[in-house]
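Trainee: Just passing along the structure, written as structure tokens.
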Ligand code: ZN
């Protein structure tokens, strides 16, 4: 009688046998009898239409039946028939015993099952950013068995990250986030592949990097990269799983899904630079990226499995303070410059220019003064007013000697407390807000102005480490 060899992942459906002997004249007859004897096996071999599944290859002895007579291939009593699950690339897509056990809570759900778990294993997902949103995304997608996960990041782990970026630990401070994240992911699941893209995503490299992946997940925190990721996803026809966080509020949706809207349909243009503060300036509840990142991970897995209703055309709004979730309808804009009916953007543009921001590390301006120079002038007894433009709750964390607190937002109504005859040195945490204060004072007629470059952070680094950084 011909013998059918059963591959490891399918043995659970044939009473754990590694081979079954069945009588029959053709391959089709044998497989039909086999799945008649073991009904649970049928859906793993055949689609609902009764067609042999595309990832299942059948061999008679050492020949693929696609090069013989397919299912009509005749078999002799001495023949051995092999069932070989495969993927297009030829690599085996079967699950090992360890993987079957690992994913058992997925495999026993009909919505995932063996087909779904193999889809996850063959899926390629790119995470932009290994920070707040990237942490839960990377951990859960690794645990779920997404076979190939790319990370784009060029940052190193900083102590201020640890309050929310749970993929990194205290001993990782100073390491590349890519290395720290990849290590944590492979510790959770050594069966996956982690691609490390150590770079800032740019118009020059984005299409090249994104092209290899099925789903793109946006975990960035700045507008130029958001527009860049959006446009690249639309141009490449890849879904963009979007999430954003600020203080106690988060948003999530899926952009660039066929027929659905893109980020530009929602926000055709970025806000003026400086209007919307970043998490570094405005703060963020450490738990918030956990929730939004997990929503993104869920949507990513749903897209891969093709189950449920994707978060397309709906913007999820989460407010942690009121613990309320709302949903807004999003529509594709036929006039959208990138995904509309007559797109005007057909290639990637200069996103820093588009968003009106210059890349970080701009050189010093004529108004800047370095922290050690301020210290020298303090020690010398020079006359100047040190104005701290931070918020009162930041003033409680730390302050510089003899500074006067006038929060940036209060400056217009309190400007009369300052004297144009006196020299004013403004400072904040990092130097961004104080630069705005200088700009405002200059327009108000002040001329003897200086901006403490790098703010409290620079003071702590270069003058007095007893002043804590935050
Ligand atoms: Zn659009």
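Trainee: Mind checking which pairs have a first residue in the stretch 336-349 that is over 12 Å from residue 230 (Cβ atoms) and a second that is within 11 Å of the ligand (Cβ to nearest atom) and not in a loop (DSSP other than H, G, I, E, B), Cβ under 9 Å, 6 or more apart or different chains?
Mentor: Cβ pairs passing all conditions: 340/264; 340/265; 343/234; 347/231.
Trainee: Restrict the check to the stretch 357-364 and report whether at least one residue is under 23 Å from residue 280 (Cβ atoms) and surrounded by 14 or more Cβ atoms within 10 Å (Cβ to Cβ).
Mentor: Yes, the conditions are met somewhere in the stretch 357-364.
Let's see how each residue does on (1) assigned to a loop (DSSP other than H, G, I, E, B); (2) over 14 Å from residue 259 (Cβ atoms); (3) in the same structural domain as residue 251 (by TED's automatic domain parsing):
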| position | (1), (2), (3) |
| --- | --- |
| 318 | no, yes, yes |
| 322 | yes, yes, yes |
| 325 | no, yes, yes |
| 334 | yes, no, yes |
| 344 | yes, yes, yes |
| 348 | yes, yes, yes |
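Trainee: In addition: When the residues of the stretch 184-205 are narrowed to those that are in contact with a strand residue (DSSP E or B) (Cβ under 9 Å, 6 or more places away or on another chain) and assigned to a helix (DSSP H, G or I), which ends up farthest from residue 140 (Cα to Cα)?
Mentor: 186
Trainee: Quick one: how many residues across the stretch 1-49 are in a loop (DSSP other than H, G, I, E, B) and out of contact with any helix residue (DSSP H, G or I) (no Cβ under 9 Å at 6 or more places or on another chain)?
Mentor: Keep residues of the stretch 1-49 that are in a loop (DSSP other than H, G, I, E, B), which gives 1-2, 6-7, 14-18, 22-25, 38, 47-49.
Narrowing the set further to residues that are out of contact with any helix residue (DSSP H, G or I) (no Cβ under 9 Å at 6 or more places or on another chain) leaves 1, 7, 15-16, 25, 47-49.
So the answer is 8.
Trainee: Across the stretch 128-172, what is the number of residues that are outside any loop (DSSP other than H, G, I, E, B) and surrounded by 17 or more Cβ atoms within 10 Å (Cβ to Cβ)? Spell out how you get there, then give the answer.
Mentor: We begin by selecting, within the stretch 128-172, every residue outside any loop (DSSP other than H, G, I, E, B); these are 128, 134-144, 148-152, 156, 159-161, 170-172.
Filter once more, keeping what is surrounded by 17 or more Cβ atoms within 10 Å (Cβ to Cβ): 128, 134-142, 144, 148-152, 161, 172.
Of the residues in that region, 18 qualify.
Trainee: Scan the stretch 389-408 and tell me whether some residue there is within 27 Å of residue 283 (Cβ to Cβ), more than 39 Å from the chain's Cα centre (by Cα) and without any contact (Cβ under 8 Å) to a residue 24 or more places away in the chain.
Mentor: Yes: the stretch 389-408 contains one or more residues that are within 27 Å of residue 283 (Cβ to Cβ), more than 39 Å from the chain's Cα centre (by Cα) and without any contact (Cβ under 8 Å) to a residue 24 or more places away in the chain.
Trainee: Scan the stretch 282-294 for residues that are surrounded by fewer than 22 Cβ atoms within 10 Å (Cβ to Cβ) and over 15 Å from residue 163 (Cα atoms) and report the count.
Mentor: Residues meeting the conditions: 1.
Trainee: May I pose another question? Give the residues of the stretch 29-42 that are surrounded by 13 or more Cβ atoms within 10 Å (Cβ to Cβ) and without any contact (Cβ under 8 Å) to a residue 40 or more places away in the chain, sorted by residue number.
Mentor: Quick first cut of the stretch 29-42, residues surrounded by 13 or more Cβ atoms within 10 Å (Cβ to Cβ) only: 29-35, 38, 41-42.
Correct list: 29, 32, 33, 34, 35, 38, 41, 42.
Trainee: Sticking with this one: Give the residues of the stretch 441-460 that are part of a helix (DSSP H, G or I) and either buried (at least 16 other Cβ atoms within 10 Å of the Cβ) or at pLDDT 95 or above (or both), sorted by residue number.
Mentor: Hits for the stretch 441-460 are 441, 455, 456, 457, 458, 459, 460.
Trainee: Considering only the stretch 254-264, I want to know if a residue exists there that is over 15 Å from residue 150 (Cβ atoms), in contact with a helix residue (DSSP H, G or I) (Cβ under 6 Å, 6 or more places away or on another chain), in the same structural domain as residue 335 (by TED's automatic domain parsing) and more than 10 Å from the ligand (Cβ to nearest atom).
Mentor: Yes.
Trainee: Moving to a separate point now. Go through the stretch 282-303 and count every residue that is farther than 22 Å from residue 267 by Cβ and modelled with pLDDT under 95.
Mentor: Qualifying residue count for the region: 1.
Trainee: Okay, moving on. Within the stretch 265-278, work out how many residues are within 16 Å of the ligand (Cβ to nearest atom) and either surrounded by fewer than 24 Cβ atoms within 10 Å (Cβ to Cβ) or on the phi > 0 side of the Ramachandran plot (or both).
Mentor: Applying the first criterion (within 16 Å of the ligand (Cβ to nearest atom)) to the stretch 265-278 yields 265-270.
Keeping just the survivors that are either surrounded by fewer than 24 Cβ atoms within 10 Å (Cβ to Cβ) or on the phi > 0 side of the Ramachandran plot (or both) gives 266-270.
The total comes to 5.
The values are calculated or read from the model by the stated rules, or taken from the named source; none is laboratory data. Please read these numbers as outputs of a predicted model, since none were measured by experiment. We place every Cβ from the backbone using ideal geometry, glycine too, and count neighbours over all the protein chains shown.
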